[in-house]
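The values are calculated or read from the model by the stated rules, or taken from the named source; none is laboratory data. The structure presented is a predicted model; accordingly, all values stated were derived computationally and were not measured. Every residue, glycine as well, gets a Cβ built from its backbone with ideal geometry; the counts of neighbours run over all protein chains shown. Remember, those area values only see protein heavy atoms, side chains included, never the ligands or the DNA or RNA. Shrake-Rupley method; radii C 1.70, N 1.55, O 1.52, S 1.80 Å.
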Amino acid sequence: VTKINYSVPKQTLVTIKVYDIIGREVITLVNGLQPAGYYNVEWNALNYASGVYIYRMQAGDFNDVRKMVIIK
């Protein structure tokens, strides 16, 4: 299980998606309107292969892309 922590300064549409290393979307973890606050989302990667994954968070005008490694 991987935890992703994030905060939202004001109510906005938040999307967090995970992609494999070649850019295919693997899963959408968050997709909805969220009020201001601190959040965390868990991704249980039990059914996914070990390797490098990328996750992208979009919240209003904010975009961030980060890398994570799943090791089993």
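Observations, loosely collected:
- Per-residue SASA entry for residue 29, accessible area with 1.4 Å probe, Å² rounded to 10: 40 Å²
- Cα-centre dipole for the chain with unit charges at Cβ (Lys and Arg positive, Asp and Glu negative), debye to 20: 120 debye
- For the pair residue 52 and residue 67 in one chain, pulling the backbone fully straight at 0.36 nm per residue adds 4.7 nm over the alpha carbon distance.
- Accessible surface of the chain, 1.4 Å probe, proportion on carbon and sulfur as whole %: 50 percent
- Answer label for P(r) over Cα pairs in 10 Å bins from 0, in percent (calculated), chosen among (i) 18, 50, 25, 7; (ii) 19, 54, 24, 4; (iii) 23, 61, 15, 1: (ii)
- Within the full protein context, the accessible area of residue 69 is estimated at about 90 Å² for a probe radius of 1.4 Å.
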